Amino acid sequence: MTPQPVVSRAELLAALQLQYEWGADEALCELPVDRLSEAPPQLPPRMGSAQEASARGAQDVSAGQGAGRAAVARTGGASTSVASLRAVEEAPDLPTLMRLTAAPDDLFLARTATHRLEPVFVENAPFMLIGEAPDADEDRSGTLFAGEAGTLLEKMLRSVGMEREEISMAPALPWRPPGGRTPSDAEMQACHPLLLRTIALCRPRYLVTMGVTPLKMLLGPDAAVGRLRGKWTEVPVPGLATPVPLLPMRHPLQLRASAAARRNAWQDLLILMEKLHPGE
């Protein structure tokens with residue numbers, strides 16, 4: 001017997017949240033269904049030996065395809081063909097990259113999200129900001145750092161004399177996970193080539209990650225904001241001749257957590273400004 005996949009409590013809650021956002025407001029139909037009044041199923045006519053052999057062959061093909069789909073499901077729907085991966089890595093510009101990755105068939109997130117977040121490229125930007133997986137406000141609007149997160153980000157930038165229109169931005173994952181759950185390792189791995197190619201095409205002088213998801217995607221699964229924030233780390237990016245200096249920071253929404261979080265954010269902004277304007 002094939003073992004059934006274990007579904008965690010977080011995944012169940014995320015599925016319930018997704019149904020709520022889609023407008024499901026009841027679990028059962030109000031009217032009972034009389035199954036006894038339904039017509040009995042009709043058996044198909046018996047086939048000859050040649051037809052049975054053909055049917056068995058078709059079933060074998062279908063079983064093989066089903067096994068492939070099951071394998072994709074076990075990895076979070078994150079398989080990527082060698083051809084599509086090469087196309088992403090060789091995309092000559094951002095519009096081509098966005099077109100190649102508009103709606104991947106093998107990534108579940110792309111089918112459940114309301115909008116896809118696209119990078120914002122600003123010529124000669126002082127740095128590139130990499131955000132978290134989209135939240136509900138970003139998913140509804142299709143805009144990076146929308147809602148309260150955007151308001152807090154703008155306040156952070158203005159405190160050091162900058163505006164959000166001056167910087168390049170990109171999401172760690174372009175699509176929001178169902179119910180706002182944490183992205184799985186397979187989903188982050190599937191979006192990793194897209195993030196790297198986006199960085200390579202924008203060619204930023206510096207990278208600033210906000211939140212744990214972009215940090216893990218660029219530095220590895222053991223990376224933690226609390227341990228690495230306030231320190232510059234170099235990240236090799238395929239397509240760029242030299243590694244890009246990266247500064248991890250907390251996500252703007254985490255500033256609501258405590259005074260210590262706001263103090264850390266201010267310290268990180270000063271470290272960033274010192275890098276951008278040395279000697280001032």
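Toward the positive end of the charge dipole of segment 157-280, with +1 on the Cβ of Lys and Arg and -1 on the Cβ of Asp and Glu, the farthest Cα among Pro214, Gln254, Pro193 is that of Gln254. Dividing the convex hull volume of the alpha carbon atoms of segment 171-257 by its residue count, what do you get in Å³ per residue? About 103 Å³ per residue, rounded to a whole number. Taking a Cβ cut-off of under 15 Å around Arg197, the surrounding Lys, Arg, Asp and Glu residues balance to a net charge of -1, with basic ones at +1 and acidic ones at -1.
Computed about the Cα centre, the dipole magnitude for segment 120-226 is approximately 220 debye when only Lys and Arg (+1) and Asp and Glu (-1) carry charge, each at its Cβ.
The HN-Hα couplings worked out from phi for segment 203-218 by the Karplus form 6.51 cos²θ - 1.76 cosθ + 1.60 (θ = phi - 60°) are 6, x, 6, 9, 10, 10, 9, 10, x, 7, 4, x, 5, 5, 5, 9 Hz, whole numbers, x standing for Gly and Pro.
Once Rg and the Kirkwood radius are both taken over the C-alpha atoms of segment 134-280, their ratio Rg/Rh works out to 0.93.
Taking a straight line from the alpha carbon of Lys155, these lysines sit under 25 Å away, with near neighbours fewer than eight places off in the same chain left out: Lys231, Lys275.
First measure r as the distance between the Cβ atoms of Ala136 and Ala241, then evaluate 1/(1 + (r/R0)^6) with R0 = 41 Å and state the FRET efficiency to the nearest 0.05. Efficiency, rounded to the nearest 0.05: 0.55. Under 13 Å from the Cβ of Pro95, count the other residues' Cβ atoms, weight Lys and Arg +1, Asp and Glu -1, and hand me the total. Net charge in that neighbourhood comes out at 0.
In square nanometres, what is one fourth of the surface area of the convex hull spanned by the alpha carbons of segment 81-172? Spell out each step's value before the answer.
Values: hull surface 26.6 nm².
Projected over every direction and averaged, the Cα hull of segment 81-172 covers 6.7 nm².
Working with all protein chains in place, sort Lys155, Lys216 by solvent-accessible area computed with a 1.4 Å probe, largest first.
Lys155, Lys216
Counting Lys and Arg as +1 and Asp and Glu as -1 over every other residue whose Cβ lies under 10 Å from the Cβ of Arg250, the net charge comes to +1.
Considering only the Cα atoms of segment 85-129, their convex hull presents on average a projected area of 4.2 nm².
The values are calculated or read from the model by the stated rules, or taken from the named source; none is laboratory data. Predicted model only: the values in this text are computed from it and were never measured. Neighbour counts are summed over all protein chains in view; Cβ atoms, including those assigned to glycine, are modelled from backbone coordinates with ideal geometry. In case anyone asks, the SASA skips ligands and DNA or RNA and just uses the protein heavy atoms, side chains included. Shrake-Rupley method; radii C 1.70, N 1.55, O 1.52, S 1.80 Å.
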